[in-house]
Amino acid sequence: MVTLISLIILVSQRGDGLLDMFTPSEPSVSWLIITLCFYALLLAIPFMPSVEVGWLIMAMFGLPGIVGAWIATWVGLMTGFFAGRLFRKTAWYQQRLTQVENRYQQQQTSSDPGLVARAVSLSRRRPVFFVAVALNVPGNWVIGGGGGVALLASLVLMMPWWRFLMIIIPATGVVPVALMLGLMPVSALN
């Protein structure tokens, strides 16, 4: 919904067609900055499809877009992480955390632990591995995509912010580094 409203506003402001607006003859720095801010905001929101926007930025703007999208990814994920910190002290979150803990304890004592128990167990034993894999595995939309992973790291794993940042820098750099080194053509993002 946020994406649709943003696109309608952008199209009505320019008066041009959508294709003309997103394919300027000379990509400007201001368009890159606006697009990167929009991408970081989308990435911070759980369950919002944003990876495609990052790929679009990389394909449209070349090297500045690749570097900018990588940095905007850090900003977006850190924004989601710090938003999670705001929820930690709420009564609603404490109640939900207690429910998850009770369910986890029940499944741990049973002979066949469920999916929740396995996921919580893995995330607690190896939080760095869990976050790095969760950011890159296809289908991470089940836990909210990048924004959901950032919230989990903040709320459930209770990682310090600097540790989360040190995880996301290399974990989100696979595609940008491959593009910058020429190991992957930009056309592969289309």
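Each value in this text was obtained by applying a stated rule to the coordinates, not by laboratory testing. If you're wondering where the values come from, they're calculated on a predicted model, not measured in any experiment. No Cβ is skipped: glycine too gets one built from the backbone with ideal geometry, and neighbour counts run over all protein chains shown.
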Burial-style ranking of 149-155, 169-175, average other-beta-carbon count within 10 Å with highest first, yields 149-155, 169-175
Cα-derived Rg to Rh of the stretch 29-189, Kirkwood definition: 1.03
What's the local net charge at ARG163, with K and R +1, D and E -1, over the other residues with C-beta under 15 Å away? +3
